[in-house]
1. Could you look through the range 150-176, keep only residues that are hydroxyl-bearing (Ser, Thr, Tyr) and in contact with a Phe, Trp or Tyr (Cβ under 9 Å, 6 or more places away or on another chain), and pick out the one that is farthest from Trp277 (Cα to Cα)?
2. Working only within the range 303-328, note down all residues that are crowded, with 23+ Cβ neighbours inside 10 Å, modelled with pLDDT under 90 and not polar (S, T, N, Q).
3. Just need a number here: residues in the range 72-105 that are among the aromatic types (Phe, Trp, Tyr), more than 15 Å from Arg130 (Cα to Cα) and crowded, with 22+ Cβ neighbours inside 10 Å.
4. Only residues in the range 145-156 that are at pLDDT below 85 count as the first member; pair them with residues that are charged (D, E, K, R) and not in a loop (DSSP other than H, G, I, E, B), Cβ under 9 angstrom, at least 6 apart or cross-chain, and list the lot.
5. Taking Ala298, is it over 28 Å from Ser412 (Cα atoms), in contact with a helix residue (DSSP H, G or I) (Cβ under 6 Å, 6 or more places away or on another chain) and not charged (D, E, K, R)?
6. How many of the residues making up the range 1-57 are surrounded by 16 or more Cβ atoms within 10 Å (Cβ to Cβ) and among the hydroxyl-bearing types (Ser, Thr, Tyr)?
7. Among Ile259, Ile281, Ile295, Ile301, which is the only one that is within 25 Å of the chain's Cα centre (by Cα) and touching a residue at least 12 places away in the same chain (Cβ under 8 Å)?
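The values are calculated or read from the model by the stated rules, or taken from the named source; none is laboratory data. Everything numeric in this text was worked out from a predicted model, so none of it was measured. All Cβ positions, even for glycine, are placed from backbone atoms using ideal geometry, and neighbour counts span all protein chains on display.
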Amino acid sequence: MEQSTVALIIVGVALVSFATEIIPLSITAVGACVAMVMTNILTFTEAFSGLSSPTMMLGIGMGIMANGMMDCGLANKVGIFIISKFKTERPFMTVVFLTSAFLSAFLSNFAVTATFMGLISAIAIKSEGRITRKNCFFALLLGSVLGGSCTLVGSTPNISVQAIMEATPGVTPMTFFTLAPGGVIIVLFTAILLNTVYYPLAKRFFAFEDVPYEGNLPEMDIPWNRDMTISCISMAWCIINFVGGWINIGITAIVAGMITVIFKVVDRKTFWKGVEWEALIIMGAAIGFANGVNISGAGKIISDFIINLFGGIDTASPVILLTAIMVAGTILTNIMSNTAVGVMLAPIAIMTAQSVGAKPETFAIGVIMCAGFSFATPIATASATLIMSAGYKFRHYLIVGGTLTVLIMIFSCIVLPLVYGL
């Protein structure tokens, strides 16, 4: 049996496992690499070299530092300082969206969502009905998810796709802020939608009573402390080096994480909890997955099939191909893991772009962006599930979130080629 056929079988089994999550995503990703080694498609080094990549070190270091920022109360204090200034719902909702988007570009989306749920609830109680949780929680979800598409560490699909880009010949990997131009434009466009489309929809369809908050309300007057200062210094160190490019991004992040641990901003026994280990294992295995797809020729077969669906290599439009991939990614990310969507679609998108002479980097970024459009169902992401405590039902996600998903996806299909080129 030809290697390409064997690889297609492995890819097919992996796709089914990713979609159904019968077994953990990390086991599926590693298992696919093991299968490619056992069938002589890849060497051991080719399959697992991603586990020692700079991107892996970046994920570990930033995870530790982000954990410190949450534990010391810095993220909480930033949120309180900004959102407590607004006393009416529409501007308050907009600021919640923008602030959560900014923090989610550097911190865990789920942690930002959980933190802001408490802050919003505390302010809503004091507002005497002027601000409601049901209208603001969905804006929080949008901010935390879309903000994660603005930097390399903002969300797990970003790191996974970056690993695949690093492993693919002819593709330029992203820098820390490569995603920022497109991501920020999408965030700002969504801020406009919040006030013109979302708020009227929320007023109409979120007709239920505001559900009382059952969690512990956060302390609203947090004094500045030493750990906050150290966290700010660590973040400044990272941003300066990420922008300047003087030091490898993996080393930069590891140093920031070491500073956080050495100065006891996080507990030395539990500091590893902030690292998303499953996501990093998937990322490391994604490089082997991409290597196997490319080396075996399976990626070429899949990309040729997609291109032929749209008229063949001579007539297929890169814009149409990018749009088709982003539509598929947007649908999939609302019914399965967004990390799995990134790992599945990125090699195919890159190979498709290379086959028609388009920029593979733009197609890879398109996969990342559409993997973040995960707010049309309550199972799309952990943050979407978390905000259900506000009283939302499945139909609320489908109607309100689905409408916004379609509008944001259409806008992104237009703006990404303009920002990154084709």
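1. Checked the range 150-176; the qualifying residue farthest from Trp277 (Cα to Cα) is Thr175.
2. none
3. So the count comes out to 1.
4. Within 9 Å, the pairs are Thr156/Glu278.
5. Taking the combined requirement at face value, the residue satisfies it.
6. 8
7. After ruling out the rest, the residue left standing is Ile281.
Yes/no matrix, rows are residues, columns are (1) loosely packed, with under 12 Cβ neighbours inside 10 Å; (2) under 22 Å from Thr132 (Cβ atoms); (3) at pLDDT below 90; (4) in contact with a strand residue (DSSP E or B) (Cβ under 7 Å, 6 or more places away or on another chain):
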{"position": "Thr190", "(1), (2), (3), (4)": "no, yes, no, no"}
{"position": "Tyr198", "(1), (2), (3), (4)": "no, yes, no, no"}
{"position": "Tyr213", "(1), (2), (3), (4)": "no, yes, yes, no"}
{"position": "Asn241", "(1), (2), (3), (4)": "no, no, yes, no"}
